[in-house]
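A short worksheet on the structure shown next.
The values are calculated or read from the model by the stated rules, or taken from the named source; none is laboratory data. Just so it is clear, the structure is predicted and the values come from calculations on it, not from any experiment. Please note: Cβ atoms are built from the backbone with ideal geometry, for glycine as well, and neighbour counts cover all protein chains shown.
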Amino acid sequence: MSSSDTVGEKRPFCVVPIRAIKDRRLKISHLRVLMALGYYANRAGVCWPSFKTLDDDTGIGQKDMAPLIRHLITTGMMRMLKANNYDQRRGAWGFSNRYQLLWNGDEPVPSHEEVKSANLLQALADRDQVEGSGKPGPVKWNAAIGACVAAYVRGIEAATAVNVHPHAALRVAAEMLVEAGISTHQVEATSFKVAREMALSGRGLPSLQQVSVSLI
């Protein structure tokens with residue numbers, strides 16, 4: 001996990017094109033960068049970790065990152081997306097380039113929605129607060145996220161009689177549930193069910209991320 005991602009829990013795996021392993025043009029350093037990119041990529045292959053994030057994850061210096069990425073583009077493992085293809089002003093995407101990993105090599109350019117949907121997979125320091133603002137950073141705690149967290153707390157407390165205090169680490173999982181259209185009723189009911197199951201097996205309280213696995 002990137003040291004840039006200090007809030008919430010992320011998936012413990014990355015996804016990369018299997019053909020990269022067989023490509024003799026790629027060295028270990030190229031594969032390490034590709035794997036780091038794949039940690040932040042969505043199903044369409046879209047991601048935008050900054051050079052600092054990639055350095056944090058791989059230990060490869062930021063000054064060496066650009067030529068490695070250029071080689072991955074040249075060998076057809078990924079492409080760089082252009083802001084003007086999505087009606088974005090120059091510089092509106094902030095401080096990181098948008099990339100698309102190419103699973104087979106002939107994928108179409110992703111849609112605007114596919115680009116937007118990758119935001120939650122990025123390290124917190126690399127996320128867009130407001131689309132097109134050019135200001136990266138963690139999302140704000142809004143009413144919908146607060147309602148989702150409150151539903152989780154109600155479900156846990158009803159199942160275990162343990163007082164749960166909302167905290168900032170819950171907001172990443174809560175935003176994912178809100179973006180997926182999961183209702184507060186579903187969150188509360190599933191939190192209750194998962195908490196009961198874990199309590200019976202002596203596994204403690206479930207995190208909101210654990211609850212979300214049953215919902216998304």
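Which residues, counting only those in segment 117-156, are at pLDDT 85 or above, under 23 Å from D57 (Cα atoms) and not hydrophobic (A, V, I, L, M, F, W, C)?
S117, N119, Q122, listed by residue number.
If we keep just the residues of segment 192-210 that are in contact (Cβ under 8 Å) with a residue 40 or more places away in the chain and more than 16 Å from H167 (Cα to Cα), which is surrounded by the most Cβ atoms within 10 Å (Cβ to Cβ)? Spell out how you get there, then give the answer.
Narrowing segment 192-210 to residues in contact (Cβ under 8 Å) with a residue 40 or more places away in the chain: 195, 199, 205-209.
Now drop any that are not more than 16 Å from H167 (Cα to Cα), which leaves 195, 199.
Details: A195: 25, A199: 17.
Out of the qualifying residues, it is A195.
Quickly run through segment 148-180 and pick out the residues that are of a type in the set (A, V, I, L, M, F, W, C) and out of contact with any Leu (no Cβ under 8 Å at 6 or more places or on another chain). Reasoning before the result, please.
Restricting attention to segment 148-180, the residues satisfying the condition of being of a type in the set (A, V, I, L, M, F, W, C) are 148-151, 153, 156, 158-159, 161-162, 164, 168-170, 172-174, 176-178, 180.
Across segment 148-180, the qualifying residues are A150, A151, V153, A158, A159, A161, A168, A169, V178.
Within 22 Å of P49 (Cβ to Cβ) and modelled with pLDDT under 80: is that true of V172 in this structure?
Numbers: within 22 Å of P49 (Cβ to Cβ): yes; modelled with pLDDT under 80: yes.
So V172 fits the description; yes.
Would you point out the residue of segment 37-52, among those that are assigned to a helix (DSSP H, G or I) and under 12 Å from the mean Cα position of the chain (by Cα), that is farthest from R19 (Cα to Cα)? Spell out how you get there, then give the answer.
Within segment 37-52, the first condition is being assigned to a helix (DSSP H, G or I), and the residues that meet it are 37-40, 51-52.
Add one more test, that the residue is under 12 Å from the mean Cα position of the chain (by Cα), and what stays is 37-40.
Values: L37: 15, G38: 14, Y39: 17, Y40: 19 Å.
Going through the qualifying residues, I end up with Y40.
Filter segment 154-169 down to the residues that are surrounded by fewer than 16 Cβ atoms within 10 Å (Cβ to Cβ) and of a type in the set (A, V, I, L, M, F, W, C) and list them by number.
A158, A161, V162, A168, A169
Can you tell me how many residues within segment 170-189 are within 14 Å of G155 (Cα to Cα) and surrounded by fewer than 23 Cβ atoms within 10 Å (Cβ to Cβ)?
6
Picking from R70, R11, which residue would you name as being under 16 Å from Q122 (Cβ atoms), basic (K, R) and modelled with pLDDT under 95? Spell out the reasoning first.
Values: R70 fails: under 16 Å from Q122 (Cβ atoms).
None of the other options fit; the residue is R11.
Do any helices (runs of 4 or more DSSP H) entirely within segment 157-216 hold 2 or more residues that are closer than 21 Å to A123 by Cβ, and if so, which? Break it down stepwise before answering.
Values: elements: 171-179, 184-200, 208-213.
Answer list for segment 157-216: 171-179, 208-213.
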